[in-house]
1. Against the conditions (1) modelled with pLDDT of 95 or more; (2) surrounded by fewer than 18 Cβ atoms within 10 Å (Cβ to Cβ); (3) outside the structural domain of residue 49 (by TED's automatic domain parsing), where does residue 171 fall short? Just the number, please.
2. Answer with yes or no whether residue 303 is among the basic types (Lys, Arg), closer than 27 Å to residue 96 by Cα and in the same structural domain as residue 60 (by TED's automatic domain parsing).
3. Based on what the data block shows, is residue 293 modelled with pLDDT of 95 or more, surrounded by fewer than 19 Cβ atoms within 10 Å (Cβ to Cβ) and either more than 20 Å from residue 41 (Cβ to Cβ) or small (Gly, Ala, Ser) (or both)?
4. Counting only residues that are more than 25 Å from residue 260 (Cα to Cα), give me the strands (runs of 3 or more DSSP E) lying completely in the stretch 10-129 with at least 3 of them.
5. Would it be correct to say that residue 222 is surrounded by 17 or more Cβ atoms within 10 Å (Cβ to Cβ), out of contact with any His (no Cβ under 8 Å at 6 or more places or on another chain) and of a type in the set (Ser, Thr, Tyr)?
6. Could we say that residue 229 is closer than 30 Å to residue 211 by Cα, free of Cβ contacts under 8 Å to residues at least 24 places away in the same chain and either buried (at least 16 other Cβ atoms within 10 Å of the Cβ) or touching a strand residue (DSSP E or B) at 6+ places or on another chain (Cβ under 8 Å) (or both) here?
7. Which strands (runs of 3 or more DSSP E) does the stretch 183-288 wholly contain that include 2 or more residues that are under 21 Å from residue 18 (Cα atoms)?
Amino acid sequence: MTDVRNLIVIGGGPAGYTAALYAARANLEPLVIEGFNWGGQLMITSDVENYPGYADGVLGPSMMQDFRRQAERFGAEFVTDDVTKVDFSQRPFRVWVGEDEFRAESVIVATGASARQLGLDSERRLQGRGVSYCATCDAAFFRDKVVVVVGGGDSAMEEALFISRFASKVYLVHRREAFRASPIMVDRARANEKVELVLNKVVTEVIGDPSVTAVRLEDTATGEESVLEADGLFVAIGHDPNTALFVDQLDHEADTGYLVTRGRSTATNVEGVFAAGDVQDHVYRQAVTAAGSGCAAALDAERWLSEQRHAALAAAAS
């Protein structure tokens with residue numbers, strides 16, 4: 001395409017849709033390349049009760065549809081497909097979806113992050129029906145229930161401890177006896193009377209219909225199988241930012257891949273390219289914080305574009 005747009009938003013989750021909403025209301029006429037699986041992690045979330053404004057809670061997919069509809073109302077355009085290549089080496093920036101090329105003066109990267117999964121068919125079948133990847137989001141649904149947490153890092157310990165505020169029992173399943181978690185976090189888990197460590201075990205199946213009722217475990221040393229009754233399974237084995245398309249061109253954390261933004265802004269190392277949401281946030285990872293950074297990215301992009309226009313006018317007048 002030969003048209004050069006003001007702004008392209010890459011990603012269709014809380015950050016991307018909020019950025020699109022603010023950009024559209026600023027008359028930037030954004031193009032949102034939302035991805036084939038638009039909506040992000042909220043599309044595998046059932047009830048959302050911690051997003052402001054939804055007093056009675058809302059289904060994750062319904063909330064994402066609301067976000068999308070609101071951005072569309074103010075003129076945002078959408079391409080429901082995946083970006084396959086980008087070129088941020090010069091302006092206008094170039095973004096491809098297959099053979100189709102789109103160009104823009106600015107770009108917001110809001111591709112989010114993906115929770116690592118166990119890779120079980122039964123896990124996918126029961127996502128949002130007892131299988132979760134976020135204790136902050138879903139622990140309150142398991143009040144006085146029995147929950148299994150899988151993982152051995154600090155995140156798994158934090159998830160188990162947080163869930164223990166609600167659940168009657170938390171089993172922390174780990175494939176080894178040694179933990180990647182810091183000793184202080186392991187000590188806190190061991191000291192919690194509601195948390196029981198289940199070591200040298202892996203989850204091989206999530207059991208239940210229509211919701212989780214148990215998990216099948218396999219002993220990593222003997223191969224012996226057992227069944228552990230539970231009402232929920234929290235998988236806490238990490239997240240991966242969706243940054244593969246950008247790491248050759250944008251600064252990122254070497255060990256994690258998360259994009260790096262400058263100071264209190266959403267600006268990346270490439271002028272005119274901004275990053276918002278979980279693609280650059282591995283601390284909070286909440287829909288509301290992603291939406292907030294999407295708002296910030298749109299404001300940063302609008303101000304940057306305005307500065308570019310003023311500079312161009314000043315140069316032409318001199």
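1. Among (1) modelled with pLDDT of 95 or more; (2) surrounded by fewer than 18 Cβ atoms within 10 Å (Cβ to Cβ); (3) outside the structural domain of residue 49 (by TED's automatic domain parsing), the lone unmet condition for residue 171 is (2).
2. yes
3. Numbers: modelled with pLDDT of 95 or more: yes; surrounded by fewer than 19 Cβ atoms within 10 Å (Cβ to Cβ): no; either more than 20 Å from residue 41 (Cβ to Cβ) or small (Gly, Ala, Ser) (or both): yes.
Against the criterion (modelled with pLDDT of 95 or more, surrounded by fewer than 19 Cβ atoms within 10 Å (Cβ to Cβ) and either more than 20 Å from residue 41 (Cβ to Cβ) or small (Gly, Ala, Ser) (or both)), residue 293 does not qualify.
4. In the stretch 10-129, the matching strands (runs of 3 or more DSSP E) lie at 77-79.
5. It is false that residue 222 is surrounded by 17 or more Cβ atoms within 10 Å (Cβ to Cβ), out of contact with any His (no Cβ under 8 Å at 6 or more places or on another chain) and of a type in the set (Ser, Thr, Tyr).
6. So residue 229 fails the test.
7. 273-275
Residues checked against (1) buried (at least 21 other Cβ atoms within 10 Å of the Cβ); (2) at pLDDT 95 or above; (3) in the same structural domain as residue 244 (by TED's automatic domain parsing):
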residue: 21; (1), (2), (3): yes, yes, yes
residue: 29; (1), (2), (3): no, yes, yes
residue: 33; (1), (2), (3): yes, yes, yes
residue: 42; (1), (2), (3): yes, no, yes
residue: 54; (1), (2), (3): no, no, yes
residue: 66; (1), (2), (3): no, yes, yes
residue: 69; (1), (2), (3): no, yes, yes
residue: 80; (1), (2), (3): no, yes, yes
residue: 98; (1), (2), (3): no, yes, yes
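The values are calculated or read from the model by the stated rules, or taken from the named source; none is laboratory data. Owing to the predicted nature of the structure, the values given are computational and were not obtained by experimental measurement. Every residue, glycine among them, receives a Cβ derived from its backbone with ideal geometry; neighbour counts consider all protein chains shown.
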